[in-house]
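Student: This is the structure, below, for whatever I ask next.
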Amino acid sequence: MIAAVYFRPPEFSLRWIHVWRRNLLVWKKLAIASVLGNIADPLLYMLALGYGIGAFVPEVGGMKYIAFIGTGMVCQSAMFTSSFEAMYSAFSRMHMQRTWEAIINAPLSLDDVMFAEWMWAASKAVVSTAAILAVILLLGFGHSWLAVWVLPLGFLIGLTFGAFGLVMNALAPGYDFFTYFFTLVLTPMLLLSGVFFPVAQMPPALAAAAEFLPLKHAIDLARPLLTGTAPAAVALHVAVLFAYACVAYFAALVLTRRRLLK
Amino acid sequence: MMAKGAPPSDDGVVLRVAGLRKSYGDSEVVRGLDFSIRRGECFGLLGPNGAGKTTTLRCCLGLIDPDGGSIELVGLPVPQAARAARVRVGVVPQMDNLDPDFTVTENLVVYGRYFGIPYATLRARIPKLLEFAGLSSKGDVGIRTLSGGMKRRLTLARALVNDPELLILDEPTTGLDPQARHLIWNGLRQLLSQGKTILLTTHFMDEAERLATRLAVIDHGVMIASDTPQALIRAHVEPEVIEVFGDEALAWADAHGRALATRLETAGETAFCYATDPKPLLAALADAPGLRYLHRPANLEDLFIKLTGRELRD
């Protein structure tokens, strides 16, 4: 049972910006290593699978396999970066370093801290999206102004998975707990959302289930944008991502209040 | 909302707590607590572990909502106006929570920003804060290289970044060595002499005796005594204490001590003889050369033990 008091609506003040700036200052000290980390993993997938499997599968969905997988990697990278930030990094700040405790003794509320962490996770997703986008452009794909739209899309993906991560953060007894989220949520999401192969390849039941996965909707937007065509059903895809983001964020807020405000 | 720098209440009360109650499930942790702190005081809140000290502080800061009673912090109602009240309060938490990724100066700058202090004001304040903390030469040093005492002093300096009207310290010297504790105490005395108001929780009685101008002992969520340290000792404890220790101490206490002392308590192998007139006890001890003893005036620890008992609290 969660006491009714924790369900009060989010309290908003502009002081959250100072917490976001705090995280930015830490990140700036480690920015190069952090961006390399953001790029390395998806880049390896893109090159290995793109050129390896691409040799057998010349075209998927009307594009080269490396381009196909590259567009998936943009979304994958935003997803992993924001999840990681909202779980491991936020947990360090909340639990190990007690940074949040210090902040809420100042004239900030826990709601401000949570909002800042959410925005920060989404901001980092934009950074990694931009890094992958740069790689894609260098490899010679995505040469269309529409491609720039993946940056706000990266932010939206970051809001969704950052909020999921904050839910896990609120429940975590320790770092090991986050493995469940990677194994049970993110990995299936990655395999079923059309990153490596089109969703239509799957049995109809699985393909139908994939319609409920936020990453699938992100990829439905990213793939046309990076191949220079306007995506279809933009409102639906954005609405699904945004709805997941808001519901998960409110759940994270309630659970974090219960964890810390006692 | 009050303007920045406005005086607190007219009557000089910086914190007023009345009828405070807080329960967790079936257990009532704070059960009707009343106290108030006037400007310039150092008020000590004493109590064993689990007495409700930290819960009381969290209520006063508006971090948790009380179940009953009222709180007025720097003239503002809490929790309703807690954010505006916290702008004018400084907090030193029980456990260090400095930002490990930052230098000493960055810690102060970033914390100052949470209060909305303009950078120019912060920059002007920081040298004084560093000097106060004895860290003038350490401004650009990372937190990880500081000793425990330095970290504590920086945490204290950080709590002063907004020039607070009330400084709240939750067990400020727990885990420090004696040298580091004395430095913190010096710092706090310096602040008191400048007219700052302090609320201090501690379970070190020497700390409370040195610093607090007034204190309250709380246990099981209620206040069991409140006054100046000297008045409390006078009111509750016999003026002199003889501690007798060693193998034969308890046997001696049963045979002689109990009859001669005003009150006698034992803990482990030590007999505590509390006396209004210690002469008969000292004479009896002179006839028992095998025993070691310590004759001293009663202190706050005697008071604390008398009021809260000797059993262990976990």
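Student: Of the residues that sit in the stretch A:185-234 and are assigned to a loop (DSSP other than H, G, I, E, B) and surrounded by 21 or more Cβ atoms within 10 Å (Cβ to Cβ), which one is farthest from the chain's Cα centre (by Cα)?
Tutor: A:194
Student: Right, here's the next one. Please work out which one of (1) touching a residue at least 24 places away in the same chain (Cβ under 8 Å); (2) in contact with a Gly (Cβ under 7 Å, 6 or more places away or on another chain); (3) within 12 Å of chain A (Cβ to nearest Cβ) is the condition residue B:102 fails and give its number.
Tutor: In the conditions (1) touching a residue at least 24 places away in the same chain (Cβ under 8 Å); (2) in contact with a Gly (Cβ under 7 Å, 6 or more places away or on another chain); (3) within 12 Å of chain A (Cβ to nearest Cβ), residue B:102 misses (2) alone.
Student: Now a separate question. Working carefully through the options B:224, B:198, find the one that is at pLDDT 95 or above and more than 14 Å from every other protein chain (Cβ to nearest Cβ).
Tutor: The unique qualifying residue is B:198.
Student: Is it the case that the stretch B:3-14 has a residue that's modelled with pLDDT of 85 or more, in a strand (DSSP E or B) and surrounded by 20 or more Cβ atoms within 10 Å (Cβ to Cβ)?
Tutor: Within the stretch B:3-14, one or more residues are modelled with pLDDT of 85 or more, in a strand (DSSP E or B) and surrounded by 20 or more Cβ atoms within 10 Å (Cβ to Cβ).
Student: Answer with yes or no whether residue A:236 is more than 14 Å from chain B (Cβ to nearest Cβ) and touching a helix residue (DSSP H, G or I) at 6+ places or on another chain (Cβ under 9 Å).
Tutor: Working: more than 14 Å from chain B (Cβ to nearest Cβ): yes; touching a helix residue (DSSP H, G or I) at 6+ places or on another chain (Cβ under 9 Å): yes.
So residue A:236 fits the description; yes.
Student: What single numbered condition from (1) within 20 Å of the chain's Cα centre (by Cα); (2) in a helix (DSSP H, G or I) fails to hold for residue B:252?
Tutor: Every listed condition holds for residue B:252 apart from (1).
Student: Given A:35, A:5, A:60, which one is in contact with an Asp or Glu (Cβ under 7 Å, 6 or more places away or on another chain) and either under 30 Å from residue A:224 (Cα atoms) or within 13 Å of chain B (Cβ to nearest Cβ) (or both)? Break it down stepwise before answering.
Tutor: On the way: A:35 fails: in contact with an Asp or Glu (Cβ under 7 Å, 6 or more places away or on another chain); A:60 fails: in contact with an Asp or Glu (Cβ under 7 Å, 6 or more places away or on another chain).
Going through A:35, A:5, A:60 in turn, the sole match is A:5.
Student: Given (1) in contact with a Pro (Cβ under 6 Å, 6 or more places away or on another chain); (2) exposed (fewer than 13 other Cβ atoms within 10 Å of the Cβ); (3) over 29 Å from residue B:204 (Cα atoms), identify the lone condition not met by residue B:289.
Tutor: Every condition holds for residue B:289 apart from (1).
Student: For residue B:57, only one of the following conditions fails: (1) closer than 23 Å to residue B:173 by Cα; (2) within 12 Å of another protein chain (Cβ to nearest Cβ); (3) surrounded by fewer than 19 Cβ atoms within 10 Å (Cβ to Cβ). What is its number?
Tutor: Every listed condition holds for residue B:57 apart from (3).
Student: Condition first: under 24 Å from residue A:247 (Cβ atoms), out of contact with any Ser or Thr (no Cβ under 7 Å at 6 or more places or on another chain) and either more than 14 Å from chain B (Cβ to nearest Cβ) or among the β-branched types (Val, Ile, Thr) (or both). Can you find one or more residues in the stretch A:128-138 that meet it?
Tutor: no
Student: Moving on. Any chance the stretch A:73-84 includes a residue that's at pLDDT 95 or above, farther than 14 Å from residue A:154 by Cβ and more than 9 Å from chain B (Cβ to nearest Cβ)?
Tutor: Yes, the stretch A:73-84 contains a residue that is at pLDDT 95 or above, farther than 14 Å from residue A:154 by Cβ and more than 9 Å from chain B (Cβ to nearest Cβ).
The values are calculated or read from the model by the stated rules, or taken from the named source; none is laboratory data. None of these values were measured; they are calculated from a predicted model. Please note: Cβ atoms are built from the backbone with ideal geometry, for glycine as well, and neighbour counts cover all protein chains shown.
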